[in-house]
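K.L.:
I'd like to ask you about the structure that follows.
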Amino acid sequence: MADLYSKALNSERKALWAECRLKGLAKDTPQRLRIVEIDALLATHKAKQDSKKSS
């Protein structure tokens, strides 16, 4: 089954990253902070998925 949650997060991350690259945004901008937040969400989601598979 497709993991729509991670697909949505990855899509948002790619869009934000493209915007940051295009505009040359600094690390403390809201877009860059959201990318860091998305990375953390993806990591916790992956850990949950891995723990479900191993159980």
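Per-residue answers, yes or no, for (1) assigned to a helix (DSSP H, G or I); (2) aliphatic (A, V, I, L, M); (3) at pLDDT 95 or above:
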{"site": "8", "(1), (2), (3)": "yes, yes, yes"}
{"site": "11", "(1), (2), (3)": "yes, no, yes"}
{"site": "16", "(1), (2), (3)": "yes, yes, yes"}
{"site": "33", "(1), (2), (3)": "yes, yes, yes"}
{"site": "37", "(1), (2), (3)": "yes, no, yes"}
{"site": "50", "(1), (2), (3)": "yes, no, no"}
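K.L.:
Oh, and also: Look through region 1-30, keep the residues that are acidic (Asp, Glu) and more than 21 Å from residue 53 (Cα to Cα), and return whichever of them is surrounded by the fewest Cβ atoms within 10 Å (Cβ to Cβ).
P.N.:
Restricting to residues being acidic (Asp, Glu) and more than 21 Å from residue 53 (Cα to Cα), the top hit is 28.
K.L.:
I need a count of the residues in region 31-43 that are open to solvent by 80 Å² or more (accessible area, probe 1.4 Å) and either within 8 Å of the chain's Cα centre (by Cα) or among the polar types (S, T, N, Q) (or both).
P.N.:
Number satisfying all stated conditions: 2.
The values are calculated or read from the model by the stated rules, or taken from the named source; none is laboratory data. These figures come from a predicted structure and were not determined experimentally. Every residue, glycine among them, receives a Cβ derived from its backbone with ideal geometry; neighbour counts consider all protein chains shown. Surface accessibility is based on the protein's heavy atoms, side chains included, excluding ligands, DNA and RNA. Shrake-Rupley method; radii C 1.70, N 1.55, O 1.52, S 1.80 Å.
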